[in-house]
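The values are calculated or read from the model by the stated rules, or taken from the named source; none is laboratory data. Here the structure is a predicted model, which is why all the values come from computation and not from measurement. Backbone-built Cβ (ideal geometry, glycine too); neighbour counts: all protein chains shown. In case anyone asks, the SASA skips ligands and DNA or RNA and just uses the protein heavy atoms, side chains included. Shrake-Rupley method; radii C 1.70, N 1.55, O 1.52, S 1.80 Å.
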Amino acid sequence: MTRLFLPRDSVAEALGAGAVARALLEGARRRGRPVTLTRTGSRGLLWLEPLLEVETPAGRIAYGPVAPEDVEGLLDAGLLQGAPHPLRLGRPEEMPFLARQQRLTFARCGLIDPLSLDEYRATGGLRGLEAALALGGAAVVEAVAASGLRGRGGAGFPTGIKWRSVRAAEAAQKYVVCNADEGDSGTFADRLLMEGDPFTLIEGMAIAGLATGATQGYVYIRSEYPLAWRSLNAAIAVAEAAGLLGASVLGSGREFRLEARLGAGAYICGEETSLLESLEGRRGIVRAKPPIPALRGLFGQPTLINNVLSFAAVPWILAHGAAAYAECGMGRSRGTMPFQLAGNIRRGGLVELGFGPTLRALVEEFGGGTRSGRPLRAVQVGGPLGAYFPERLLDLPLDYEALAGAGGMLGHGGIVVFDDTVDMARQARFAFEFCAAESCGKCTPCRIGAVRGVEVIDRVIAGRQPARNLALVEDLCEVMRDGSLCAMGGLTPLPVMSALTHFPEDFRRGAAPLAAE
Amino acid sequence: MPGHTDWDAARAAAIIAAHRHREGATLPILHALQDAFGHVPQEAVPLIAEALNLSRAEVHGCLSFYHDFRREPAGRHVVKLCRAEACQAVGADALHAALRAAYGVDWHGTTADGQVTLEPVFCLGLCANGPAALVDGEPVARLDAARLAARLAAA
Ligand SMILES: Cc1cc2nc3c(=O)[nH]c(=O)nc-3n(C[C@H](O)[C@H](O)[C@H](O)COP(=O)(O)O)c2cc1C
Ligand code: SF4
Ligand code: FES
């Protein structure tokens, strides 16, 4: 019996993995060759999807990207023995893109059947939860604090402090909420994990429940992720049946239940208070803080809300120790960050590394430059509210403070590459357009400012009084930055102003013909 | 999308009843109704309001706030095209302009034959493999006009 592995990840599926799987099983059957096919998550080498692996005495051998029409040729060439073929890549662990990573959170993503609790255990799963049960809540919170873990959702708030507040809050009912809204363009790490290793998230949330005294958890998943929604729900059902979730977590007598909830296409619902409103069944209008959710969150109860990657880092921290986690990273950014390479990039995918690699190392060494082969002109870091950087700033190290110091933000770790065909005035316009479309409408600077921003940039693009209108853009940005209730309006100036600062020539294109009139 | 049925008050009431006891039941109910009928018909609003003890205005406010919920039926196939930055970086804007011209519709529009509705979406988490789309709820990467046509023909 030969074992084959093929991802059921969204990217693989979106590139025909379902048809590849059918062709493989059919081809093997016709040849009288017994095979089993395990549908895994993705290893995160996304330019190679669908990435097929076969188990051989020399380890797992990868082939990719495999199209359905490649399958017959692969089988004829001796795929099942790991034989040579133009698509053969060798052992995945030895490919530089993977070999040079520090996979802590994503250690088993792509390796195992995401819904097999046995395989999860066999690869070190549940050791963190077992350690947490032995340690007790207070020690767990202190371990999370000592690890230096900061929120991976964007704001980088120290996770331990939040856990401490919720643990200390007195209430009959507390909640743990996972923010799986992952709305930032250029990010997909939450999705990869929920599709490829959902038990790690479930384990992290169960630990959070035990540590804070919360008995009910919710995962708020965006509706744009239909496959992650299915896999997480399936994993929750498996975890319930196995006693990992429910009235007595792993027989400890401690209760923790988990339910996944579907968002409905609103970017602002990634903002934590808007998310809570949405979970409660209302429009996702941002709440003023204080009170902070840790004290008055879901249904007015103390609520721990963290990003998928924040929860998913916790099992490793408890299994291996806070000090081991804190050893990675730089400065005040401890541990590893799953960076995501996206946009016009040759080798796009997930790169988990200790904080501190330069943008250039990620984009050039890992990413291989642009997909188009044209010169790189700009990268946007940290999603739609993040700054655009020009090529000459690529030596910036990626940690929370360095990015902030350069007028940007790391956000959820997404890096979107643009080649020299990009028009940065249009990108600035889009930032306003996006804010106008997704603003919750609660405060004027954001709601009105974004709409005005689009109009004013349109005038700049048309070459109408560019100097005067650019000054207006700067004023608008200042008002939005200083007067907005949340970071939607408050950070939209980042992409706009960085485009203006680093690429001023793109805002003068319309001016020439008019000046000649 | 294929598989949707016409409005049926009894069926809607059963769907609402199945979810009404959950904490924060509004979104699960709206999703379930849209799954069944392809959109959330106006007739559903008072039923939801009554079941959840909300005003009609509150239910309506929720329905209109979220981009996902459709108040009118869509075409047989719904194509959600990613308009966000990582897809822009690989030519999504030009592709979308070409598709809208080819299908003769603007955003949210449905082709004259009722076959295809084009909707914008901001990011599908396929940002390393764009341009991206969801076709009848299934992800498609490295989209171009031919790939979309092939998907629609196969569906
Ligand atoms: C407009 C906006 C969108 C956001 N989107 C997300 C998101 O999609 N996922 C996320 O985890 N955090 C998002 N955040 C950050 C959350 O408000 C919050 O800081 C985070 O969920 C806390 O978890 P963490 O400490 O683990 O990062 C967003 C914030 C803003 C202002
Ligand atoms: S800044 Fe924008 S999104 Fe945030 S609360 Fe104000 S209106 Fe809502
Ligand atoms: S930006 Fe298009 S899928 Fe993320």
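Numbers for the structure displayed
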{"quantity": "Proximal aspartates and glutamates relative to B:Lys80, as straight alpha-carbon distance under 12 Å, when same-chain residues fewer than 8 apart are discounted", "calculated": "A:Glu224, B:Asp68, B:Glu119, B:Asp136, B:Glu138"}
{"quantity": "Built amide H within the under 5 Å cut-off of A:Val177, gap 5+", "calculated": "A:Tyr218, A:Leu304, A:Ile305, A:Asn306"}
{"quantity": "A:Arg43 long-range amide H proximity, modeled H, under 5 Å", "calculated": "none"}
{"quantity": "Mean projected area (nm²) of the alpha-carbon convex hull when the stretch B:69-155 is viewed from all directions", "calculated": "5.2"}
{"quantity": "Amide H within-cut-off set for A:Gly90, under 5 Å, with H built and near neighbours excluded", "calculated": "A:Ala62"}
{"quantity": "Distribution of pairwise C-alpha distances over the protein assembly as shown, 10 Å bins, in %", "calculated": "3, 15, 26, 28, 19, 7, 1, 0, 0"}
{"quantity": "Value in Å of the Kirkwood radius, where chain B supplies the Cα pairs that are averaged", "calculated": "16.7"}
{"quantity": "Loop-located chymotrypsin sites (Phe, Trp or Tyr not before Pro) in the stretch B:68-155, at most 16 other Cβ atoms within 10 Å (DSSP)", "calculated": "B:Trp107"}
{"quantity": "Rg ratio (alpha-carbon, reference 2.2 N^0.38 Å) - the stretch A:164-211", "calculated": "1.41"}
{"quantity": "Whole-number accessible area per residue in Å² for the stretch B:9-65, which is evaluated in the context of all protein chains at 1.4 Å", "calculated": "44"}
{"quantity": "Where B meets A: accessible area buried, both sides, 1.4 Å probe, Å²", "calculated": "3800"}
{"quantity": "Simple label model, 7 Å out from Cα along Cβ direction - A:Thr123 to A:Arg3, nm", "calculated": "1.1"}
{"quantity": "Per residue value of the accessible surface for chain A (all protein chains in place, 1.4 Å probe), Å²", "calculated": "34"}
{"quantity": "DSSP-defined antiparallel bridges as percent of all bridges, the stretch A:2-95, nearest 5", "calculated": "60"}
{"quantity": "Kyte-Doolittle at least 0.0, axis length at least 15 Å by Cα - qualifying DSSP helices, chain A", "calculated": "A:17-30, A:198-212, A:226-241, A:308-320, A:424-438, A:444-461"}
{"quantity": "Proximal lysines to A:Lys442, defined as alpha-carbon separation beneath 25 angstrom and excluding residues fewer than eight positions away on the same chain", "calculated": "A:Lys289"}
{"quantity": "Percent accessible area from carbon and sulfur atoms, the protein assembly as shown, protein chains only, probe 1.4 Å", "calculated": "53"}
{"quantity": "Residues losing 40 Å² or more accessible surface upon assembly, the stretch B:17-47, compared with the chain by itself, 1.4 Å", "calculated": "B:Arg22, B:Glu23, B:Gly24, B:Leu27, B:His31"}
{"quantity": "J(HN,Hα) series, the stretch B:9-17, from Karplus relation 6.51 cos²θ - 1.76 cosθ + 1.60, nearest Hz, glycine and proline x", "calculated": "4, 5, 5, 4, 4, 5, 4, 4, 4"}
{"quantity": "Fraction of alpha-carbon pairs over 17 Å apart in the stretch A:329-419 - percent", "calculated": "39"}
{"quantity": "Aspartates and glutamates with Cα under 14 Å of A:Lys162, excluding same-chain neighbours fewer than 8 positions away", "calculated": "A:Glu142, A:Glu272"}
